[in-house]
Amino acid sequence: PHTTHMIALGLKRRLDIPWLADFRDPWTNIDWFDKLPLMKSSIRKHKRMEMSVLRTADKVLSVSNSWSNEFKEMSEREVITITNGFAPEDYDDMNVHTEDEGFVILHTGSLNGDRNPLALWEFLEKEITQNSFLKERLKIRFIGAVDFQVITSINEAGLGSYFEHTQFVSHSEAIEEMYAASVLLLPLNNAPNMMGIIPGKLYEYLAVNKPILAIGPKEGDAAVILNEFEGTHVIDFDEKLEWKNLRAITEQRIDRSEKLTKYSRKHLAKEVSKHLESILN
């Protein structure tokens with residue numbers, strides 16, 4: 001919550017202690033800000049508070065280049081990008097030989113209406129009529145909270161019989177489900193700040209060395225990261241998905257371990273530590 005920045009601002013003004021402001025999300029540029037029932041005076045106050053934080057903190061961090069650039073343009077100061085990441089120890093001693101016999105498209109975590117992957121439902125609706133392999137093996141498996149719009153779209157596309165939904169499981173169970181999947185689904189928010197959106201699950205998806213299908217802006221920050229690695233395919237919101245491309249990423253031999261090190265939380269924590277030390281000095 002952005003209240004934490006205001007608490008830090010108060011401490012900075014009262015005690016003059018070094019302050020690193022870490023924006024895990026935008027403030028007034030966050031995708032749901034314009035949906036809040038705010039008066040114009042309240043919006044102006046949010047922007048004033050945001051600017052106070054940006055101009056008073058000793059250093060400012062953000063998790064994506066697009067959002068860092070937005071903050072930089074807003075405040076006319078340097079904003080550093082340190083992304084989210086994954087914890088390698090979460091994947092130790094996992095059973096990596098649990099692949100399902102079907103063709104499982106898996107999404108873990110919450111899925112709201114802004115991320116409803118309509119291009120995928122349209123593709124699957126047509127493909128199962130002509131692709132016997134997919135018709136016999138397809139499973140659409142979701143773990144976590146799912147918006148009713150998404151479930152409605154699945155049913156309207158005639159895919160209800162292929163759909164499996166589990167509300168919540170433990171983190172370790174979710175990772176085991178990732179290992180068992182054929183394709184990991186990563187739909188992004190179709191929202192004004194979509195270029196800078198990098199879901200935290202992107203790094204966990206990469207860590208299990210499974211194929212990833214992402215739906216979102218092909219020039220966005222998430223796409224830039226995914227394109228560093230094999231076994232990933234990104235389509236835009238209104239782009240047609242083709243079976244040959246989906247099949248191709250499932251047939252690749254995937255080993256992302258060497259390139260993935262820079263997104264480990266241990267490495268990222270060291271980067272944060274360097275900036276903390278610099279403002280202490």
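The values are calculated or read from the model by the stated rules, or taken from the named source; none is laboratory data. For clarity, every value in this text was computed on a predicted model and none was experimentally measured. Heads up, the Cβs are rebuilt from the backbone with ideal geometry, glycines too, and the neighbour counts pull from every protein chain shown. We work out accessible area using only protein heavy atoms, side chains counted, and drop any ligands, DNA or RNA first. Shrake-Rupley method; radii C 1.70, N 1.55, O 1.52, S 1.80 Å.
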(request) Count the net charge of all other residues whose Cβ sits under 11 Å from the Cβ of Asn190, scoring Lys and Arg as +1 and Asp and Glu as -1. (result) -3
(request) Would you tally the net charge around Glu156, using a Cβ to Cβ cut-off of less than 15 Å, leaving Glu156 out, and scoring K and R as +1, D and E as -1? (result) -2
(request) Among the trypsin sites (Lys or Arg not before Pro) in the stretch 241-281, which ones are in a DSSP loop with at most 14 other Cβ atoms within 10 Å of the Cβ? Mind listing them? (result) Arg253
(request) Under a 10 Å cutoff between Cα atoms, tell me which one of Glu89, Glu204, Glu125 has the largest fluctuation in the Gaussian network model of the chain. (result) Glu89
(message) I want to make sure I understand the PRE zone here: with the label point 7 angstrom from the Cα of Glu271 toward its beta carbon, which residues in the stretch 57-71 have backbone N atoms less than 11 Å away?
(response) 62-65
(request) Please work out how many pairs of lysine residues in the stretch 189-281 are eight or more positions apart (or on different chains) and have Cα atoms closer than 27 angstrom. (result) 25
(message) How much accessible area per residue does the chain have, counting only protein heavy atoms and a probe of 1.4 Å, in square angstrom?
(response) 52
(message) For the chain, take the longest principal axis of its alpha carbons; what is the angle in degrees between that and the long axis of helix 171-180, to the nearest 10 within 0 to 90?
(response) 40
(request) Please give the calculated 222 nm ellipticity per residue for the chain, where each DSSP H segment of at least 4 residues contributes -39500 (n - 2.57) and the sum is spread over every residue; nearest 500 deg cm²/dmol? (result) -12000 deg cm²/dmol
(message) Angle check, please: helix 3-15 long axis (alpha carbons) against the longest principal axis of the chain (alpha carbons), in degrees 0 to 90, nearest 10.
(response) 20
(message) Connecting C-alpha atoms closer than 10 Å in a GNM of the chain, tell me which of Met194, Met178, Met39 has the biggest fluctuation.
(response) Met39
(message) Which one, Lys35, Lys45, Lys139, has the greatest fluctuation when you compute a Gaussian network model over the chain with C-alpha springs under 10 angstrom?
(response) Lys35
(message) Spelling out what I want: for every residue of the stretch 48-60, take phi, set θ = phi - 60°, compute 6.51 cos²θ - 1.76 cosθ + 1.60 (Karplus), and round to whole Hz; glycine and proline get x.
(response) 5, 5, 4, 5, 4, 5, 4, 8, 9, 4, 5, 9, 10
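Going by the alpha-carbon gyration tensor, a ≥ b ≥ c the square roots of its eigenvalues, is the stretch 1-75 rounded (a/c under 1.5) or, if a/c is not under 1.5, prolate (a/b greater than b/c) versus oblate?
Values: a/c = 2.06, a/b = 1.29, b/c = 1.60.
Oblate shape, in that a/c is at least 1.5 and b/c is the bigger or equal ratio.
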(request) Can you grab the distance from the C-alpha centre of the stretch 106-156 to the C-alpha centre of the stretch 73-88, Å, no decimals? (result) 33
